[in-house]
Amino acid sequence: MCGIIAVFGDIDGNVAAAAESAAGLLAHRGPDGSGLWMRLGSAVLCHRRLAIMDPAEGKQPIRGRDGAAVVHNGEIYNFRALAQELAAAGRHCVSGSDSEVLAHLYEDRGEALVPALDGIFAFAAVHGDDWLVARDPIGIKPLYYGRDRAGNLWFASELKALIDNCVSFEVFPPGHLMTRRGGLRRWYTPPWLSGEPVEPGDPAALRQRLTDAVEKRLMSDVPLGLLLSGGLDSSLISALATRLMRARDPRAQIHSFAIGVADDSPDLRAAREVAQFLGTTHHEVSFHVEDGIAALDDIIRHVESYDIPTIRASIPMYFLSRYIRDQGVKVVLSGEGSDEIFGGYLYFYYAEDPEELRRETVARVANLHLSDVLRADKSTMAHGVEARVPFLDRAFLDLAMSLPPELKQPRGAGGGGEARVEKWLLRTAFADDADPVLPASVLWRQKEQFSDGVGYGWVEALRAHAERVVSPRDLARAAERFPYATPTTAEAYLYRDRFAALFPGEHAARCIVRWEPRWQTDRDTSGRANPFHRAASEHVSAPRP
């Protein structure tokens with residue numbers, strides 16, 4: 001995990017100096033070192049390093065045998081298998097860094113290397129007069145691009161590196177690559193993403209695919225921990241990781257981390273129960289509402305968003321990541337993505353039919369780079385901590401998104417029939433009375449969105465603070481000040497106002513997509529705004545339907 005800058009065009013000393021200065025704004029993403037590679041007249045690559053694999057030898061920009069240079073943000077989980085293929089062709093990696101294979105593969109295969117990668121990545125590669133920029137299938141690693149006044153093309157891990165250098169910029173789309181000769185094109189084209197007919201997958205394979213996804217993400221040469229909210233998703237990831245690590249070393253000390261508002265957190269109580277069941281060394285962090293409100297500017301500066309659920313959930317994750325860093329842990333496993341894949345948010349109870357639910361899950365997964373994975377990356381990387389997300393493993397995702405949507409639909413409301421707990425399919429895959437991976441009370445616990453679970457007073461406190469500082473006059477004139485994505489509540493106005501102060505201009509505003517739940521009258525994103533937050537509570541520890 002790192003921060004990258006790449007600029008292509010008429011590169012002189014001034015452009016290189018500007019790129020190096022912009023890379024300094026990404027120092028939080030890479031506190032372990034920096035590097036620069038430049039070819040006058042064509043390209044400059046800058047890197048800020050968070051050393052995860054081969055800390056001693058993996059410095060970037062990293063070079064290939066024939067002179068290619070690469071800067072990479074992310075992890076290539078199949079790098080050892082790729083290195084063996086390269087060795088068979090006479091190209092030998094000299095470090096244990098997963099990033100090195102990118103340079104050799106680019107020399108050997110050109111842009112055809114990208115589909116061979118199993119991992120999360122945003123990278124830029126240069127070889128001779130050619131260059132390539134690519135982003136992983138779901139956009140787990142952030143990337144933006146734009147042009148400066150001279151027409152040079154810039155790429156950066158965060159908006160803050162472009163805001164003072166480019167006259168226009170936008171989000172680099174996930175699952176895409178760009179080359180000097182071929183321009184921008186999509187490389188990740190699974191049938192489920194485009195609505196093409198999909199051969200139905202086998203739900204029985206979910207458990208093995210997720211286990212495999214977790215095992216890949218245990219790859220690390222530095223300490224690794226677990227983000228544990230006590231909800232279904234983080235608990236499943238923690239349980240699988242604990243089993244796998246103990247299989248390698250029965251005496252392994254495994255650290256889990258949870259956060260909540262002091263004296264008001266369902267998540268802290270549930271996480272404590274899971275940690276005791278798993279036998280992890282558990283850390284609890286609590287914060288006060290006032291601390292979160294005081295940190296709003298820092299949060300918006302780091303996550304680069306004005307989206308309400310993103311800001312609400314980023315604040316506790318930001319505080320927790322700072323604590324994790326201070327414990328010497330650099331890598332954590334997290335549960336993002338499951339709700340989008342399996343229709344886990346409570347508003348999915350209102351989906352009229354399975355096809356409508358399927359379309360919504362596809363849309364939510366396709367936009368994860370603008371919501372939950374953006375929040376997970378930027379709020380953890382604000383403190384130099386890498387978050388890995390097994391639910392968004394490519395093989396697991398392709399299976400899960402091919403499952404018949406009626407298996408994901410919680411019956412009830414518009415769907416008709418008796419209500420069934422959300423994510424029933426995933427819960428059932430891990431329900432084993434003979435060898436339980438989790439307590440039944442956790443496996444069947446109702447969905448709590450992270451910003452709710454950290455403390456039920458948290459969302460109300462943010463709303464109340466916004467209503468104190470945003471005047472009715474400000475809100476009445478919101479469309480005049482913000483004609484694009486006009487805020488309609490005091491809380492939305494507050495976040496948009498602070499964002500505009502840090503990232504002025506419409507180009508920055510258009511890099512954000514606000515999310516609202518579908519099908520329910522109350523448009524607030526809090527799960528507690530949904531009547532099923534109460535109606536479904538009977539399923540918390542219920543037997544399987």
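The values are calculated or read from the model by the stated rules, or taken from the named source; none is laboratory data. These figures come from a predicted structure and were not determined experimentally. Here Cβ is always computed from backbone atoms with ideal geometry, including for glycine, and neighbour counts include all displayed protein chains. In case anyone asks, the SASA skips ligands and DNA or RNA and just uses the protein heavy atoms, side chains included. Shrake-Rupley method; radii C 1.70, N 1.55, O 1.52, S 1.80 Å.
Quick notes on this one:
- Pairs with Cβ under 9 Å, 6+ apart, first in the stretch 188-202 and in contact (Cβ under 8 Å) with a residue 40 or more places away in the chain, second open to solvent by 80 Å² or more (accessible area, probe 1.4 Å) and part of a helix (DSSP H, G or I): GLY195/ARG359
- Checklist (1) within 30 Å of ALA51 (Cα to Cα); (2) in contact with a strand residue (DSSP E or B) (Cβ under 8 Å, 6 or more places away or on another chain) applied to ARG185, failing item: (1)
- Considered as a group, the residues in the stretch 331-378 that are in a loop (DSSP other than H, G, I, E, B) and touching an Asp or Glu at 6+ places or on another chain (Cβ under 6 Å) include one that is nearest to PRO405 (Cα to Cα), and that residue is GLY344.
- Taken as a whole, the structure leaves ARG463 outside the set of residues that are outside any helix (DSSP H, G or I), among the basic types (Lys, Arg) and modelled with pLDDT of 75 or more.
- Evaluation of GLN276 against (1) in contact with a strand residue (DSSP E or B) (Cβ under 9 Å, 6 or more places away or on another chain); (2) open to solvent by less than 10 Å² (accessible area, probe 1.4 Å) (one fails), failing number: (2)
- Leading residue by the ranking (nearest to TYR77 (Cα to Cα)) among those in the stretch 241-254 that are open to solvent by 10 Å² or more (accessible area, probe 1.4 Å) and touching a helix residue (DSSP H, G or I) at 6+ places or on another chain (Cβ under 9 Å): LEU244
- GLY151 vs. criteria surrounded by fewer than 23 Cβ atoms within 10 Å (Cβ to Cβ) and outside any strand (DSSP E or B): yes
- The one condition from (1) surrounded by fewer than 16 Cβ atoms within 10 Å (Cβ to Cβ); (2) touching an Asp or Glu at 6+ places or on another chain (Cβ under 8 Å) that GLY90 does not meet is (2).
- Number of the condition not met by ARG80 [criteria: (1) of a type in the set (Lys, Arg); (2) touching a residue at least 24 places away in the same chain (Cβ under 8 Å); (3) open to solvent by 40 Å² or more (accessible area, probe 1.4 Å)]: (2)
- Among the conditions (1) hydrophobic (A, V, I, L, M, F, W, C); (2) over 21 Å from ALA387 (Cβ atoms); (3) in contact (Cβ under 8 Å) with a residue 40 or more places away in the chain, MET38 misses just one, which is (3).
- The residue that is surrounded by the fewest Cβ atoms within 10 Å (Cβ to Cβ), counting only those in the stretch 319-330 that are assigned to a helix (DSSP H, G or I) and not polar (S, T, N, Q), is ASP326.
- Exclusive hit being over 23 Å from the mean Cα position of the chain (by Cα) and either surrounded by fewer than 19 Cβ atoms within 10 Å (Cβ to Cβ) or not in a loop (DSSP other than H, G, I, E, B) (or both), set ASP164, ASP221: ASP164
- In the stretch 108-126, residue nearest to the chain's Cα centre (by Cα) [restricted to those that are under 19 Å from LEU82 (Cα atoms) and assigned to a strand (DSSP E or B)]: ILE120
- Residue in the stretch 1-60 that is modelled with the lowest pLDDT, counting only those that are among the hydrophobic types (A, V, I, L, M, F, W, C) and open to solvent by 50 Å² or more (accessible area, probe 1.4 Å): ALA56
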